[in-house]
Amino acid sequence: MSKTVLTIDDSRTMREMLNHALVEAGYTVLQAVDGVEGLEVLEANGGSVDVVITDINMPRLDGFGVIEGVRANPAHRATPILVLTTESDATKKERARSAGATGWIVKPFNPVKLIDAVRRVAA
């Protein structure tokens, strides 16, 4: 059975690149345009999401809010969350880690490294 990855990014181009890389690697992909929609999609799928990939800088609800929202639900306490962002600031990385992020990937991403990271955390 294929694993499901939820990608949350306000950039349509980034969502398409993620979708392409993940689908090609055999994953089922759910997408959301911001953090609010991301949490809605997560709940609508009854928690059957294996990995969440979120951007940090988004309208309505940023990536930190997404991480906190995912972790607030006991059903998702162990769901891996990868942050995919242009940010490389150590303070933001620490804030994401403290909120419950599993890993940090800087854009532009290397599709092979992204898939490796997803495989590692989804195992």
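The values are calculated or read from the model by the stated rules, or taken from the named source; none is laboratory data. Note that the structure is predicted; figures quoted are calculated from it, not measured. Cβ sites come from the backbone with ideal geometry, for glycine too, and all protein chains shown count toward neighbours. These area figures cover heavy atoms from the full protein model, side chains too; ligands, DNA and RNA do not enter into them. Shrake-Rupley method; radii C 1.70, N 1.55, O 1.52, S 1.80 Å.
Using only Cα atoms, what Kirkwood radius does the range 1-113 have, in angstroms?
On the way: mean 1/r = 0.0727 Å⁻¹.
Kirkwood radius, the range 1-113: 13.8 Å.
Might you report the magnitude of the Cβ-based charge dipole of the chain about its Cα centre, with Lys and Arg at +1 and Asp and Glu at -1, to the nearest 20 debye?
So the dipole magnitude of the chain works out to roughly 420 debye.
Sorted by mean Cβ packing within 10 Å, highest first, what order do the peptides 52-62, 105-115 take?
The peptides rank, most packed first, as 52-62, 105-115.
How compact and how long is the range 1-58, expressed as Rg and Dmax of its alpha-carbon atoms in Å?
Cα radius of gyration and Dmax of the range 1-58 are 10.6, 32 Å respectively.
How much accessible area per residue does the range 4-123 have, counting only protein heavy atoms and a probe of 1.4 Å, in square angstrom?
Counting only protein heavy atoms, the per-residue value for the range 4-123 is 48 Å².
Once label points are set 7 Å from the Cα along Cα→Cβ at both Thr91 and Ala123, what is their separation, rounded to one decimal in nm?
It works out to 3.5 nm between the two label points.
Given the C-alpha centroids of the range 1-58 and the range 66-93, what is the distance between them in whole angstrom?
Centre-to-centre (Cα) distance: 13 Å.
What does the extension gain come out to for Ser98 and Asn19, with contour length at 0.36 nm per residue minus their alpha carbon separation?
Using 0.36 nm per residue and subtracting the Cα-Cα distance, I get 25.7 nm.
State the percentage of accessible surface on the range 1-49 attributable to carbon and sulfur atoms; use a 1.4 Å probe and exclude ligands, DNA and RNA.
51 percent
Would you calculate, for the chain, the mean residue ellipticity at 222 nm contributed by helices, counting each DSSP H stretch of 4 or more residues as -39,500 (n - 2.57) and dividing by all residues, to the nearest 500?
Counting only the DSSP helices, I get -13500 deg cm²/dmol.
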